[in-house]
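One structure is given below, encoded as structure tokens.
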Amino acid sequence: MINIKSITVYQINLPLKYPFETSLNVLQNREVIVLKVTNEDGRTGWGEIVAFSSPWYTEETLQSALYTLKKFLAPLVLEKPLLHPVEAAQLFNVIRGNHMAKSGLEGALWDLYSKLQKKSLSFLLGGRKHEVDAGVVIGLSKIENMIDDIHLRKEQGYKRFKVKIKPGNDVKVIAQIREEFPTIPLMVDANGTYTLKELSLLKQLDQFNLLMIEQPFLFNDFTMHAELQKRMGTPICLDESINSLSDAKTAIALKSCKVMTIKPGKVGGLTEATNIHHLCREHNIPVWVGGMVETGISKSQNIALATLPNFTIPGDISESSRFFEQDILKKPITIHEGKSESSYSIWYRS
């Protein structure tokens, strides 16, 4: 029985070691909301809301998530004991959207439940791997800086490299990277900044033997992605488009992609993320776990999720030192020979 007696909210601002640039925004620091749930016996579980301070990535922000948490979600959990964390996902269905707020609270409940059961989160979710392959994201920068960053991450053993692109910084950039690194597992991420007018430009990316092109069009353009996938040999991957199991069903029905990114923090939590995994496995759509420049709380839960069998592509599972001088974990996330351990035991800094 999960009987929550209190929910404590911590608002944290972690400076990044260096700016991280995408086609949509430049992050200088990472503001997050950390949640601690405490049961009647004083046992605690931890979760993280991974929304951003402004609505550049999704319509949900830290401020709106905090309001939803305090006004609607927290009362639901405090009023009703739960037998299992999946019941929280069902309970939250009375609140439309607000997936990031839901995910943060549900993640804390999963953490508490795994401690009460004395079993790893990966095992409880259905994963059986002891370690997962780690991929890394290369932000937009001067090409020489990007190449230097790839060299560094390659030496550290990362198994897959994702390069951010945008109109004007795409084909030439990837050509230079491929010339320097002809064989590395390489993909690109556009964060929805292209249109169908740029089809001929996007098709030029076919020549670089990419693992995939992630989210070339806007998040709600399922039909345009389907049209692009018909015309390209490179697999299309959807990220911003996949915010629920329903979105995943739509993408599969329309043949909008051949790969999906699953981010528990924006689909409503680990329960929904697991359901999306199962659906994609049934339809032979490989998946991988995406990152949100989050702290080790979310990253640890992402690693646990990545142990499920259909996560066959290395996810955005970089070590804590990738973005932060000091993570909020006592034992930071580390990568050894391109892999991260899937054991799930978090102890936080006081």
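The values are calculated or read from the model by the stated rules, or taken from the named source; none is laboratory data. Quick caveat: nothing in here was measured; it's all calculated off a predicted structure. Glycine gets a Cβ as well: all are built from the backbone with ideal geometry, and neighbour counts include every protein chain shown. Each accessible area value is taken on the protein alone, full model and side chains, heavy atoms only, with ligands, DNA and RNA left out. Shrake-Rupley method; radii C 1.70, N 1.55, O 1.52, S 1.80 Å.
Probe radius 1.4 Å, ligands and nucleic acids left out: which of HIS84, HIS130 has the largest accessible area, and how do the rest follow?
Ranking HIS84, HIS130 by accessible area, largest first, yields HIS130, HIS84.
Starting from the Cα coordinates of the stretch 243-290, work out the convex hull volume and express it per residue in Å³.
59
Heavy atoms only, probe 1.4 angstrom, no DNA, RNA or ligands counted: give me ASP327, ASP148, ASP247 ranked by accessible area, highest first.
ASP148, ASP247, ASP327
May I ask you to rank THR183, THR61 by accessible area, largest first, using a 1.4 Å probe over the protein chains only?
Result, largest first: THR183, THR61.
Mind checking which of THR8, PHE20, MET212 is farthest towards the positive end of the chain's charge dipole, using Cβ charges of +1 (Lys, Arg) and -1 (Asp, Glu) about the Cα centre?
Farthest towards the positive end: THR8.
What value, in deg cm²/dmol to 500, does the helix sum -39500 (n - 2.57) over DSSP H runs of n ≥ 4 give at 222 nm once divided by the residues of the chain?
-9500 deg cm²/dmol
If you count only protein heavy atoms and use a 1.4 Å probe, how large is the accessible surface of ARG231, to the nearest 10 Å²?
The value for ARG231 is about 110 Å².
What does the C-alpha gyration tensor say about the overall shape of the stretch 111-232? Classify as rounded when a/c is under 1.5, otherwise prolate if a/b is larger than b/c, or oblate.
Because a/c hits 1.5 or more and a/b fails to exceed b/c, the stretch 111-232 counts as oblate.
With everything on Cα atoms, drop me the angle between helix 143-155 and the longest principal axis of the chain, reported from 0 to 90° to the nearest 10.
Compared with the principal axis, the helix lies near 60 degrees.
Where does the stretch 90-130 land on the Kirkwood hydrodynamic radius, alpha-carbon pairs, in angstrom?
11.5
What percent does the relative contact order of the stretch 135-228 come to when contacts are Cα pairs within less than 8 Å and at least six residues apart?
26
Less than 19 Å from a label point 7 Å out along the Cα-to-Cβ axis of ILE143: which backbone N atoms in the stretch 206-224 qualify, by residue?
206-210
Over the residues of the stretch 1-122, compute the C-alpha Rg and express it relative to 2.2 N^0.38 Å.
1.12
Hey, what did the stretch 2-75 get for relative contact order, percent, Cα under 8 Å, at least 6 apart?
25
According to a simple spin-label model (label point 7 Å from Cα along Cα-to-Cβ), what is the distance in nm between HIS336 and ASN29?
In this crude spin-label approximation the distance works out to 3.4 nm.
Just tell me which lysines come within less than 20 Å, Cα to Cα, of LYS339; anything on the same chain fewer than 8 places away is out.
Here the lysines satisfying the reach criterion relative to LYS339 are LYS129, LYS154, LYS159, LYS162, LYS263, LYS299, LYS330, LYS331.
Once you sort the root eigenvalues of the Cα gyration tensor of the stretch 76-144 as a ≥ b ≥ c, which label holds: rounded (a/c under 1.5), prolate (a/b larger than b/c) or oblate (the other case)?
Taking the square roots of the gyration eigenvalues as a ≥ b ≥ c, the stretch 76-144 is oblate.
For the chain, what's the relative contact order in percent, using C-alpha pairs closer than 8 Å and at least 6 residues apart?
For the chain, the relative contact order is 19 percent.
Using the Kirkwood formula over every pair of different C-alpha atoms, what hydrodynamic radius in Å results for the stretch 264-304?
Value: 10.8 Å, from the Cα pair sum.
Just tell me which aspartates and glutamates come within less than 12 Å, Cα to Cα, of LYS17; anything on the same chain fewer than 8 places away is out.
Qualifying aspartates and glutamates at Cα under 12 Å: GLU325, ASP327.
To the nearest whole percent, what portion of all C-alpha pairs in the stretch 213-308 is separated by more than 17 angstrom?
Within the stretch 213-308, distances greater than 17 Å cover 45 percent of Cα pairs.
Could you check how many percent of all C-alpha pairs in the stretch 1-47 are farther apart than 18 Å?
Considering the stretch 1-47, 49 percent of its Cα-Cα pairs are separated by more than 18 Å.
Which three numbers, in whole Å and largest first, are the semi-axes of the equivalent ellipsoid of the chain derived from its Cα gyration tensor as √(5λ)?
Rounded to whole Å, the semi-axes are 33, 22, 19.
Can you tell me how much longer the chain between PHE181 and GLN204 gets when fully stretched, taken as 0.36 nm per residue apart minus their C-alpha distance, in nm with one decimal?
Gain on extension, PHE181 to GLN204, equals 6.5 nm.
Mind checking which aspartates and glutamates have their C-alpha under 15 Å from LYS115, skipping anything on the same chain fewer than 8 residues away?
GLU40, ASP41, GLU106
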